[in-house]
1. Carbon-plus-sulfur fraction of the accessible area of the stretch 21-172, 1.4 Å probe, in percent?
2. Once both labels are modelled 7 Å past Cα along the beta-carbon direction, what's the Phe53-Glu222 spacing in nm?
3. Where in the stretch 361-410 are there trypsin sites (Lys or Arg not before Pro) that are in a DSSP coil and have at most 16 other Cβ atoms within 10 angstrom of their Cβ?
4. Using θ = phi - 60° and the Karplus curve 6.51 cos²θ - 1.76 cosθ + 1.60, what whole-Hz ³J(HN,Hα) does each residue of the stretch 127-133 get, with Gly and Pro shown as x?
5. I'd like to check one number: the per residue accessible area of the stretch 307-370, probe 1.4 Å, reported in Å² as a whole number.
6. Between the stretch 361-386 and the stretch 410-434, what's the alpha-carbon centroid distance in Å?
7. Over the stretch 80-165, with the other protein chains present, what is the accessible area per residue in square angstrom, probe 1.4 angstrom?
8. Here is the link list: Lys4/Lys25; Lys225/Lys500; Lys215/Lys283. Which ones come out longer than 20 Å on Cα distance?
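The values are calculated or read from the model by the stated rules, or taken from the named source; none is laboratory data. What you see is a predicted model, and the numbers here were worked out from it, not measured in a lab. Cβ: placed from backbone, ideal geometry, glycine included. Neighbour counts: every protein chain shown. The protein model used for the area step is the full one, side chains on, heavy atoms only, and it has no ligands, DNA or RNA in it. Shrake-Rupley method; radii C 1.70, N 1.55, O 1.52, S 1.80 Å.
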Amino acid sequence: MSHKTLQLLVNNCERLITLKQIHAKAISLGLLRNHHQGLACNILNTYAKVGSFQDAHNLFYYHIHHPDIVSFTCLINLYLNSRLPGRALSVFSQLVGSGLSPDGHSALAALLACGHGRGLLSGRIVHGMILKLQLGLIPFVGNGLIDMYSRNGEVGMAELVFRHMENKDIGSWNSLLNGFVLCDGLESARLVFDGMPLRNSITWNAMISGYARSKHPMRAFELFKRMKAEAVESSAITIVAVLSACASTGALYHGQAIHGLLNKIDTDKNVTVNNALMDMYSKGGSLDLAVKVFNAMVKKDAYSWTTMICGYAIYGSGNRALEVFSNMLESRVDPNEVTFLSLLMACSHAGLFAEGLRLFKIMIKSYGFKPKIEHYGSVVDLFGRAGLLEEAKEFIESMPINPDAVIWRTLLSSCLVHGNLKLAEMAGTKILELDPDDDGVYMLLWNFNYASNRLQDALKRRTMMRDRKVKKQPGCSWVEVNGIVEEFFAEEKVHHVFGKIHSTLKGIARNLKLDSEVLYLELQ
């Protein structure tokens, strides 16, 4: 059997047992020696594709006796794809230690390892090698440097690398744009976006996703409309980002329009897209449509089941959420930490106190998950909604991790509902110790003191706000009218229909007053 025949077999191999047979045949024919490094790398990469990490590792260390730079790069990429950036960087060190000179591809792999592993110091060392070997002239290496510095929070260095690049391609611009998005510099990212000489779908996806993640849904909508107007093809990534924006604003009309678009771009069978659709419908007030999408899905992953559980949780349908969880287990899909968080929320909203505590214990004992701060917060909410405020306080004090401001804020809200001023004061003090600029806590305690006729205490809260120069942030809400999402801020006077809104409200108030006067006269 020839070398070319084995290469062809490896290229079409999808099963581990078949790949091992090909590997054994290559060894028996002596085809894994130095002059056939390409075949060895091909087998190594295929082991990685079929999920046999250890076999790929063994092939490199036991059958490739004098690995060349291609073999080293294959192993580095294997570790990167397995989300082991530290191991990937270690192999790059072995490459350099073997006396080989890194090329552009191996240098890029090392930069990716430094970026994903948050290894800024190692990244600077690799940068030094790149300068010494003059690899920075290769555009994709320069792009890798921008990405590495961005992922390590050094967007200034990323911009400096970009400016000094002699050969910039669209990937260079996209890397810089993504760097600003990663570091929450959306205004700077938008300047880069608007100044780009050429854009592709990756460019649009980065900007739209950045707006959606950073709670700027209106800007995400605006950019998506512009993207469609410029006839740029939408991908699943774009759709998921915009659906996320729809979910955060309750823009059901826009979400349904995007759902209709899915049939045209053939992404309606994408599990991630369907999960995003379910989330959008649940948060947009159409749980029945979320259920319809869920039931129509041929393939469901853990997030599909979790999204459905979360949907029922939002609507207070705790028992239905538990039914979905039971069906999930019957389908042999393992729950994750987010699943249990959604279940705890469902139990809390439905008043299923005992069931919620039982699931919390199952998560730890049966599935071995270590609770995160969000799980503890949901249990505190369980206690609070059940009126067990002292038990909630004891639970917080017994937590193995330090409670954050959200935990104490959850207790504070429950105390205000049940009228426990003593615990409310204690929780409020804890919050302000952790977050002294939390305007919401000042206002909650002020309102509670004022309603309880404790005017002196209420005045103290106002004084503390003034002394700390804490300003109350205006509330914000969205409403969708005829397919247009309007954004309103409390006490706003610059909205484009401000005059009409107030004129209408005054008219309603006059009519109510007239109606009440007429009713009063009729009753006399």
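1. Working: 3960 of 7280 Å².
For the stretch 21-172, the apolar C and S fraction of the accessible surface comes to 54 percent.
2. Each label point is offset 7 Å from its Cα along the Cβ direction, giving 4.4 nm.
3. Numbers: sites: Lys361, Lys365, Lys372, Arg385, Lys393, Arg409; in loops: Lys372.
Passing sites in the stretch 361-410 are Lys372.
4. Result, ordered by residue: 4, x, 4, 4, 5, 5, 8 Hz.
5. Numbers: 3170 Å² over 64 residues.
For the stretch 307-370, the per-residue accessible area is 50 Å².
6. After rounding, the separation between the Cα centres reads 20 Å.
7. Values: 4190 Å² over 86 residues.
In whole numbers, the stretch 80-165 has 49 Å² accessible per residue.
8. Values: Lys4/Lys25 13 Å; Lys225/Lys500 27 Å; Lys215/Lys283 15 Å.
Beyond 20 Å between Cα atoms: Lys225/Lys500.
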